[in-house]
Structure formats: C-alpha cells, structure tokens
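The values are calculated or read from the model by the stated rules, or taken from the named source; none is laboratory data. Just so we're clear, the structure is a prediction, and the values are computed from it rather than from any experiment. Cβ atoms come from the backbone with ideal geometry, glycine included; neighbour counts cover every protein chain shown. Accessible surface is based on the protein model in full, side chains and every heavy atom, while ligands, DNA and RNA are left aside. Shrake-Rupley method; radii C 1.70, N 1.55, O 1.52, S 1.80 Å.
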Amino acid sequence: MASDFTAEVAFVGESGPNYDHLLWGVVVVAAAADVLLTLVGVSMCFREANPVARAAMDAAGGVGLLGLKLAALGALFVVYRLVRPTYRRAALTAFSLPQLFAVGHNSLLLVQYGPACL
C-alpha cells in the first residue's frame, strides 16, 4: 500500500510542464463554445440534436443548457479528483474530444446553413 502512495506522489511531483492545466483550459473553452454555438444555432433556425440537452432547453431555455453543461463539468471535476493521477489526463481528454467535435460540427452547420435561416 505504501508503495502505491509513493508512486503516485512521485508521479504528481514530476518536474516539467503540467498539462492538466492546459487540458482543463481546453475543456472549459470547448464547453463554453459548445453552449454558445448551440444557442446561436437554436436562435436562428436549428434544433438541438441531443435529446437530453433539448429537454433541458425546453424546460429552462439557455439557462437549462448552461446548467446541464455545468453539471457535466462538475461530474468531470469529481471524477478528476477521485481517479488516480495517472488517469486524470485521460478523463480530461475523454471529456474534451466530444466537446471539440461538437464545436467543429456546429461551426460548420452555422457557416453552411446559417445564411438560409436568416
């Protein structure tokens, strides 16, 4: 048991850049951009494709979508704090990739079909 703790402390105490801060930045910016682009698209003529997000928006509008995203970020934070340090970057990456995809996809939809909505 003591050797596991020592290994984790050695991992956390490694010198070099801390990519966790960078990944948290990516997560937060991607989540914010996803919410913003979704709200812009819905205000134009698009419909939210995610049924959970659509239900949150139907119940409380943009505040519901923001609340859902904040709940997801809160769950990520809990997971980040509970898992071993070795897996923290994997959790951040696993959360950020779908967010980045959604941002790219929403951006393309707005550029391609947005003018037809106006």
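Tabulated data for the structure shown
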{"quantity": "Where Val111 falls short, out of the listed (1) modelled with pLDDT under 95; (2) surrounded by fewer than 16 Cβ atoms within 10 Å (Cβ to Cβ); (3) more than 14 Å from the chain's Cα centre (by Cα)", "calculated": "(1)"}
{"quantity": "All positions within segment 25-41 that are open to solvent by 40 Å² or more (accessible area, probe 1.4 Å) and either under 9 Å from the mean Cα position of the chain (by Cα) or at pLDDT below 95 (or both)", "calculated": "Val26, Val28, Val29, Ala32"}
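Okay, residues lined up against (1) part of a loop (DSSP other than H, G, I, E, B); (2) in contact with a His (Cβ under 8 Å, 6 or more places away or on another chain); (3) open to solvent by 80 Å² or more (accessible area, probe 1.4 Å):
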residue	(1), (2), (3)
Phe46	yes, no, no
Ala55	no, no, no
Asp58	no, no, yes
Leu68	no, no, no
Tyr87	no, no, yes
Leu92	no, no, no
Val103	no, no, no
